[in-house]
Amino acid sequence: MAKALLGRTDIIIASHEPLSNKPDFRLELPPKSGLGAAYLAQIADATVLPVAIDIQTENKVGMSADIGGAVRRLIRGERPDIRIVIGKPILLEWIDKGELESFGQYYQSRFKKLTDGLQTDETSPEGQRKARAVLKIIRAQNDMIMRRIADLLPEAKRGRWKEQ
């Protein structure tokens, strides 16, 4: 994704954590933001354009929690009406590129440790502290993006992002 952005190709990414197939899912913004939108904007010096998609149905559209209903609606050619609202561009406060790179390497090594079962972490305690500080900034930026998206939706669909 970063290469695409650096190559001047626009991308679309959800600003929240994945919804998966949560059976209690409601058609409102999820309670937790992700990291991807702010992180990608940082590494590619990109502007964030908040876009809200207001789905005009009570069905769990696209959710595997209602796969039978989704298949029936697909066969019948039923698609919900949607309203797309585009907000004003967001310019994030830039993070030092060296710190951002260290952050990326640290979290990549943590992911590798989890997936490959490695027992060591090669990042120094100071590097870990800096990476956590960058994580805090990126999380705050992504939370701000979620609030801006919430402002584009009806109040009932804003979830926890109502007027924070």
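Taken over the stretch 63-93, residues that are surrounded by 10 or more Cβ atoms within 10 Å (Cβ to Cβ), in contact with a strand residue (DSSP E or B) (Cβ under 9 Å, 6 or more places away or on another chain) and at pLDDT below 90 amount to 2. Residues that are part of a helix (DSSP H, G or I) and open to solvent by 100 Å² or more (accessible area, probe 1.4 Å) were ranked within the stretch 111-120; the one that is modelled with the highest pLDDT is 111. Using the structure shown, decide if residue 17 is acidic (Asp, Glu) and at pLDDT below 65. Here the answer is yes, as residue 17 does meet what is asked. Within the stretch 151-164, the set of residues being of a type in the set (Gly, Ala, Ser) and exposed (fewer than 11 other Cβ atoms within 10 Å of the Cβ) comprises just one member, 156. Within the stretch 94-109, restricting attention to residues that are within 14 Å of residue 138 (Cα to Cα) and without any contact (Cβ under 8 Å) to a residue 12 or more places away in the chain, the residue that is most open to solvent (accessible area, probe 1.4 Å) is 101. Looking at the structure I just gave you, is residue 98 at pLDDT 75 or above and either under 30 Å from residue 52 (Cβ atoms) or of a type in the set (D, E, K, R) (or both)? In short, no. Of all residues in the stretch 134-150, those satisfying the criterion of being open to solvent by less than 40 Å² (accessible area, probe 1.4 Å) and within 15 Å of residue 36 (Cβ to Cβ) are 134, 138, 141, 142, 143, 145, 146, 149.
The values are calculated or read from the model by the stated rules, or taken from the named source; none is laboratory data. Model, not experiment: these values are computed from the prediction. Here Cβ is always computed from backbone atoms with ideal geometry, including for glycine, and neighbour counts include all displayed protein chains. In case anyone asks, the SASA skips ligands and DNA or RNA and just uses the protein heavy atoms, side chains included. Shrake-Rupley method; radii C 1.70, N 1.55, O 1.52, S 1.80 Å.
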